[in-house]
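Colleague: Here it is, the structure, as structure tokens.
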Amino acid sequence: MSSSSSFSTSSSSREDVEEGGDGGGGNGGRERTRRRSNNEIWPEPFVEALASQVAVDAARSLGRLSVAPALANLFQVCSTWRAVSRSDLLWQYLTRHIWCRTRLLHHTWRDEFIFRHRTHLNFRSGNYARTTLRFDPSDAEDNHSLACRCLALSDHHLASGFADGSVRLFHLPSSGHLSTFRPHHRDDRIGRFSRAVIGILLSDHRIVFASHDGDIHVASLHPPSPSPPTRRAHYGNLVNDGALVDFTGCNRWWVGLYAGVPGRSFRVWNGETEDTVFVGGTLTDPESVNGWRLLAEPIEFIGRIRITSEESAVACTKMSLMVFDLRNGELILNEDFRREVVVGAVDVSNDAVVIVDVRGAASVRRVRDLGQIRRFRLSGGGAGVSGLLGSMNLGYVLMWAGGVTRVWDREIDQGGPLYSFRERVGEVAAFVANDRHVAACATDTIIHLWDFGA
């Protein structure tokens, strides 16, 4: 479906042709009338349930883009069934289960579903608009402090975290710089990178960001102002916990991955009360030395942690990958120790994780059992994956390497990549994608943004 017309009702003339007789008399007209009458007496809840099942089956067997044509065919059966296509409750259910969206950004859920379908189609075909986001660097301490360390996307905003601990917020529709958030001062700073931002949680109402020294700051996005106040929600303790090497979360959970102190790889907070609910784990124990090095010098990714849609977290270092339960941090759900992992390329979207090994072999796996969904191969291993950065959204895997971003379908095997971005942006320090946007920050501090929105 390339437009909303796939969901529109047919003209009366077409209905007459399909249902009004065979044009030659006889029993054809009576048979078609009988079929039409039988269809029209089916209750609407039954038709809605049928439409839901058709959509789910189509998505599982042929991919999410096959849902719209399947529904369009279903709604052509008769006028009663077409009337069901105007049920907003049906489109809310379909948007949630097919596109994993629970927030309405358009006028109706039908409009939301159509927008998600078109945007997904744009990702597949490489149809996007590109822009750059810029800010005034005059308030930075020095060039070193302007090194971008991480990016985060929401529906309306992009946040960029820097080496000096600051976070700059941009408004996506206007590409304008809205605010600069700054951390609280610490007198016990250890190493010039100790306050570098390592992770950002971004919603439409607040921003949460964390630095290598373990500090976590929270700020409201409303009302927007050039220098809004921040609140330190957690005071990091390097001696007891080690360095914070990655930070992620959602409204319900915050999760930190540490390296430097044995037996304290993970810390999980309740995202609403901000209370610690778990500390422990040995995943990063072999990386303790590198954890301390992070505070003084920029080195490759030590570890990465991401939250799934099933209240679990995926964490990895270059030597191992594991899945654990956020409600009980001691419960390890799955582990994988097959081959050395490219940490910067690991990402999670919904209930799937993408993993790339040092030989260039990549796979998308189900988080719940690490079962393989599909495999693909990057061109070249070894040096070919050095500096590789990856991200994944609901339908596609994106990998940046050597100045080029390539895109693969995450569910359907198409052989090689679908396409590569036309723009070469040079060395990229941070890279992120969601279901509409892709963002990359180059070493020249320019943030590049690709918008696939319909």
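Colleague: Those residues that are farther than 16 Å from Thr95 by Cβ and in a helix (DSSP H, G or I), I need them from region 56-65; list them, please.
Modeller: Within region 56-65, Asp57, Arg60, Ser61, Leu62 qualify.
Colleague: Also, quick follow-up: Report, by residue number, each residue of region 70-117 that is free of Cβ contacts under 8 Å to residues at least 40 places away in the same chain, within 22 Å of the chain's Cα centre (by Cα) and surrounded by fewer than 16 Cβ atoms within 10 Å (Cβ to Cβ).
Modeller: Of everything in region 70-117, those that are free of Cβ contacts under 8 Å to residues at least 40 places away in the same chain, within 22 Å of the chain's Cα centre (by Cα) and surrounded by fewer than 16 Cβ atoms within 10 Å (Cβ to Cβ) turn out to be Arg96, Thr102, Leu104, His106.
Colleague: Out of all the residues in region 106-113, is one or more in contact with a helix residue (DSSP H, G or I) (Cβ under 9 Å, 6 or more places away or on another chain), closer than 23 Å to Ala72 by Cα and of a type in the set (Phe, Trp, Tyr)?
Modeller: Yes, there is a match, as at least one residue in region 106-113 is in contact with a helix residue (DSSP H, G or I) (Cβ under 9 Å, 6 or more places away or on another chain), closer than 23 Å to Ala72 by Cα and of a type in the set (Phe, Trp, Tyr).
Colleague: Against the definition (in contact (Cβ under 8 Å) with a residue 40 or more places away in the chain and touching a helix residue (DSSP H, G or I) at 6+ places or on another chain (Cβ under 8 Å)), how does Arg149 come out, yes or no?
Modeller: In short, no.
Colleague: If you scan region 319-336, which residues turn out to be touching a residue at least 40 places away in the same chain (Cβ under 8 Å) and either surrounded by fewer than 18 Cβ atoms within 10 Å (Cβ to Cβ) or not assigned by TED's automatic domain parsing to the domain that holds Gly191 (or both)?
Modeller: Asn328, Glu330
Colleague: Something else about it: Name the residue, out of Val356, Val348, that is under 19 Å from Leu151 (Cα atoms), among the aliphatic types (A, V, I, L, M), at pLDDT 90 or above and not assigned by TED's automatic domain parsing to the domain that holds Leu62.
Modeller: Matching residue, one of Val356, Val348: Val348.
Colleague: Let me ask something else about it. Among the residues of region 53-86, write down those that are among the hydroxyl-bearing types (Ser, Thr, Tyr) and under 21 Å from Arg118 (Cβ atoms).
Modeller: Scanning region 53-86 gives Ser66, Ser85.
Colleague: Considering only region 71-154, give the helices (runs of 4 or more DSSP H) lying wholly within it that have at least 2 residues that are touching a Phe, Trp or Tyr at 6+ places or on another chain (Cβ under 8 Å) and under 30 Å from Phe421 (Cβ atoms).
Modeller: Per the criteria, 88-99, 109-125.
Colleague: Does region 187-235 hold any residues that are among the polar types (S, T, N, Q) and not in a strand (DSSP E or B), and which are they?
Modeller: Within region 187-235, Ser194, Ser203, Ser225, Ser227, Thr230 meet the criteria.
The values are calculated or read from the model by the stated rules, or taken from the named source; none is laboratory data. Predicted model only: the values in this text are computed from it and were never measured. Please note: Cβ atoms are built from the backbone with ideal geometry, for glycine as well, and neighbour counts cover all protein chains shown.
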